[in-house]
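Below is one structure; the comments refer to it alone.
Since every read-out is calculated from the coordinates, none of them should be taken as a lab result. As the structure is a prediction and not an experimental result, all values here were calculated from the model. Backbone-built Cβ (ideal geometry, glycine too); neighbour counts: all protein chains shown.
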């Protein structure tokens, strides 16, 4: 099912089975990762995943259940309700109703606009810089540039309906050094536009 | 799980741009966790993981794309995204599925048919027993975890494998406190079976044992900073040193790229002549066991070190392209979100010939590590540092007193050369192992062993 249809089915099932309220938190992530080795691509990943966390309120207690398969709403509701019956402590995070939020404009980072080939080139330049830093640098164990976009949506039967989006870029390098028979490694990472700080 | 026609189309699409191997891995996994603190259930959660990953190889270069859900559109998009990275033209074709492997294990009591009340009743028995052991027990944490993974993997070489992998585990941690000092005791057994395994567990004994460990250590003096002394390490979780400080360095993940101290040493003596180390994924019902690995290769018993000589690495399909070494059925991944790589299953020192009591009687002065804790290791060098959760100082071959805060510090390749006793009874303990392809369930194990010397760290003075 698509998200809105699944959410509707969940809420109807939960209320019909006696829950006082229900809430769906859905998160979807798209990501890219490239690892280079000796001047070539070693591993390249491009991914998308999403999942929905259902929260039900039953007899004053909250129960949770998560799924990446947006099917079988009755099964997810049953598990969330069993969890609500099992929990014996108060949950001091009450469900919110409709809320107003201030607008936050996130600073646009150049790193988020990089294309795939540019990220590959950045990883290759990072590896070259690591190897050039010292003659004792043998190679890198890993040298990666990762980027991602995350979208989150939350809505419930009390009127809450909100969404947000986040973006990320990160580079990580772990060189291996050797002097005689002694080998050592260490790592460094940068976030956001820090990924351009190759040296 | 996924229609054969869809699988064929996905594998075909993935090879469109020059890849020489394509693979589809899919899973539908249910997990649940119950957490109890001092007899009250604080958390009860359920997760259903459902998705698929498409891997394409060109030589040793790997491209991986995954997606949650398993509808045809999402799978084809993943295949096309993976293929798009190679930018070549089709050079290989898929083969018909000539090898079909289906795991025949089915749990007697699947976790999906067990309600939370049964899980809670089980861990409450351990929690109550731990709390009742002593007035010095101030907190008891108890958990029940279960996973039921249904997986399938198919590749362009014509292999199709599918299996079901249920696992369950209970955890008891007791905290003892006095005068502002705290010590913990921990027990966490589990097996690769359904809920039926827990019908045989003595939950009260589990709780009591964890509590006893905490109270014993609470009253123990600090372990001396003893330097290099003889150390006897008890069986079961004592095998964590072999796992962390040695066998991670035998995984192709490290060896294939030259990032291991054991590179190029097949056929050479790397350990004491009484040492045989094994990784065996075929042991029925064990926590780390698998029927097929996550590339569809049947699990097997791998003798890694035999009578001190290095005989084998652990190698997955991709890394056979970098190493001249047969497949070992060791390719594993945490979930569809990871490309697989070589990992351990059930890893242990094989049984020896020596007497457990004689090891201590003839060791002189040193440390008896009854229960190992966590630690850290640098897989590049094998240097490690491990906490000992329950330890005893030995003087002139007799256990003198319990000691707390002991650590073992050393290098894995050195330790296995200095083993001079291996006991006759091997047992294993479960854990979770983290590496490039995520966190996977593994057993560590050994009989009681003795090492002629390991550096023992501690904060105390002479005893």
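What to note about this one:
- Rounded Å value of the spacing that divides the Cα centres of the stretch B:390-442 and the stretch B:19-84: 34
- When both bridge partners sit in the stretch B:1-160, DSSP labels roughly 95% of those beta bridges antiparallel.
- Rounded, prolate or oblate (a/c below 1.5 giving rounded, otherwise prolate when a/b exceeds b/c) for the protein assembly as shown by Cα gyration tensor: oblate
- Gaussian network model of chain A, Cα within-10 Å springs - most flexible of A:51, A:39, A:148: A:39
- Going from the residue with the fewest nearby Cβ atoms within 10 Å to the one with the most, B:358, A:30, B:93 rank B:93, B:358, A:30.
- Taking B:427, B:287 and counting other C-beta atoms within 10 Å, the order from fewest to most: B:427, B:287
- Of A:78, A:24, A:188, the residue with the greatest mean-square motion in the GNM of chain A, using alpha carbon springs below 10 Å, is A:188.
- Sorted peptide list for B:132-138, B:415-421, criterion being average Cβ within 10 angstrom, highest first: B:415-421, B:132-138
- Over chain B: helical MRE at 222 nm, DSSP H runs n ≥ 4 each giving -39500 (n - 2.57), nearest 500: -5000 deg cm²/dmol
- Three-way shape call for chain B based on the alpha-carbon gyration tensor, with the a/c threshold at 1.5: oblate
- Taking every residue in B:60-73 and counting other chain Cβ atoms within 10 Å of its Cβ, the average works out to 5.
- In chain B, the longest principal axis of the Cα atoms and the axis of helix B:4-14 are about 90 degrees apart.
- Counting Cβ atoms of other protein chains within 10 Å of each residue's Cβ and taking the mean over peptide A:22-32 gives 1.
- Inter-chain shielding of B:36-45 (mean C-beta neighbours from other protein chains, 10 Å cut-off): 5
- Overall form of the stretch B:36-78 per C-alpha gyration tensor (a/c, 1.5; a/b vs b/c): oblate
- If the convex hull is drawn through the Cα atoms of the stretch B:43-108, its volume per residue in Å³: 188
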